Amino acid sequence: MKAGQSAALLGILLAMASAGMALSQSGAETIRPKPRPILEPPAITAPPDSAVPEAAASASAPPSPEAPAPAEAAAAPAPTASRAADTPPRDPNRGAVTNLPLPRFVSLKTDEGNARRGPGLTHRIDWVFTRAGMPLRITAEYENWRRVEDADGLGGWVHYSLLSGVRSVLIAEEAVDFRSLPRNEAPVVFRAEQGVVGRVISCAEGWCRIQIEGERGWAPAAALWGVAPDEIID
């Protein structure tokens with residue numbers, strides 16, 4: 001083969017090789033898969049009734065240990081209410097301090113007793129009792145003070161140390177006959193005028209035996225101030 005033909009043949013071969021490579025590259029590009037577009041996931045929206053299951057789940061969930069259950073919280077004050085229910089109410093007919101009956105009668109221990117407007121030394125004096133042994137009626141109590149009144153309804157708060165448990169009476173009628181026995185037909189022993197003070201010895205069945213200046217006799221309780229009509233004193 002001549003040199004010229006060899007060169008021509010080599011050129012043809014080179015051209016064919018170049019064409020094959022171009023064809024190969026073109027085919028490769030044709031079959032190469034194209035990249036897929038990245039799609040964002042669709043937004044998820046809750047159905048309209050989704051709040052109901054959450055509320056139901058929250059209600060059914062057990063309470064945390066730190067927070068007490070509503071029933072336990074409501075039951076907490078129960079002991080206090082129970083103690084209050086067990087405490088009986090105070091009897092208004094009994095003294096708040098001594099638990100003795102109200103009203104009740106006592107007598108003035110000294111010949112002077114200040115009756116104040118309130119239970120304490122800081123309250124003004126409204127009345128002064130000046131007759132030792134006179135009967136007084138206690139109507140209220142507060143600590144060491146007693147509210148008292150005399151036969152005319154005058155008085156105030158006095159310190160308990162000024163009062164005595166010794167019973168006395170005041171003649172309430174113009175004149176009262178004292179008899180030897182607790183009967184209207186019994187002989188009269190002596191007579192006492194209104195305002196006289198006597199010491200109570202005993203009372204029973206509407207009659208009281210009274211001592212006045214050494215004399216003793218029976219008189220109807222209704223004629224005396226300082227005892228109840230049906231009171232019994234031994």
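Taken together, the values in this text are just the output of simple stated rules run on the coordinates, not laboratory data. Here the structure is a predicted model, which is why all the values come from computation and not from measurement. Don't worry about glycine lacking a Cβ; one is built from the backbone with ideal geometry, like all the others, and counts go over all protein chains shown.
Pairwise Cα distances in the range 104-164 exceed 18 Å in 18 percent of cases. A rounded overall shape is assigned to the range 168-225, the ratio a/c of its alpha-carbon gyration tensor axes (a ≥ b ≥ c) being less than 1.5. If I model a spin label as a point 7 Å beyond the Cα along the Cα-Cβ vector, how far apart are those points for Asp152 and Thr130 in nm? So the label points at Asp152 and Thr130 sit 1.2 nm apart.
Short-range pairs are left out: with C-alpha atoms under 8 Å and at least six residues apart, the relative contact order of the range 104-164 is 39 percent.
Please find the FRET efficiency linking Arg90 to Leu121, where r is the Cβ-Cβ separation and R0 is fixed at 22 Å, and quote it to the nearest 0.05. Kindly include the intermediate steps, with their values, before the conclusion.
Details: r = 26 Å, r/R0 = 1.20.
Approximately 0.25, to the nearest 0.05.
If R0 is taken as 35 Å, the Cβ-Cβ distance between Asp111 and Ala172 corresponds to a FRET efficiency of 0.95.
Per-residue Cβ neighbour counts within 10 Å put Ile232, Ile212 in the sequence Ile232, Ile212, beginning with the fewest. Pairs of Cα atoms nearer than 8 Å and 6+ residues apart set the relative contact order; for the range 88-234 it is 18 percent.
Computed from label points 7 Å out along Cα-Cβ, the spacing between Ser180 and His159 is 4.8 nm. Projecting label points 7 angstrom from Cα along Cα→Cβ for Asn144 and Val189 puts them 4.0 nm apart. Placing unit charges on the Cβ atoms of the charged side chains and taking the dipole of the range 130-234 about its Cα centre, the candidate lying farthest along the positive direction among Val188, Leu163, Val176 is Leu163.
Counting neighbouring Cβ atoms within 10 Å and putting the fewest first, the residues Thr110, Thr130 line up as Thr130, Thr110. Taking 1 over the mean of 1/r across every pair of different Cα atoms in the range 96-234, what Kirkwood radius in Å do you get? Its Kirkwood hydrodynamic radius stands at 15.5 Å.
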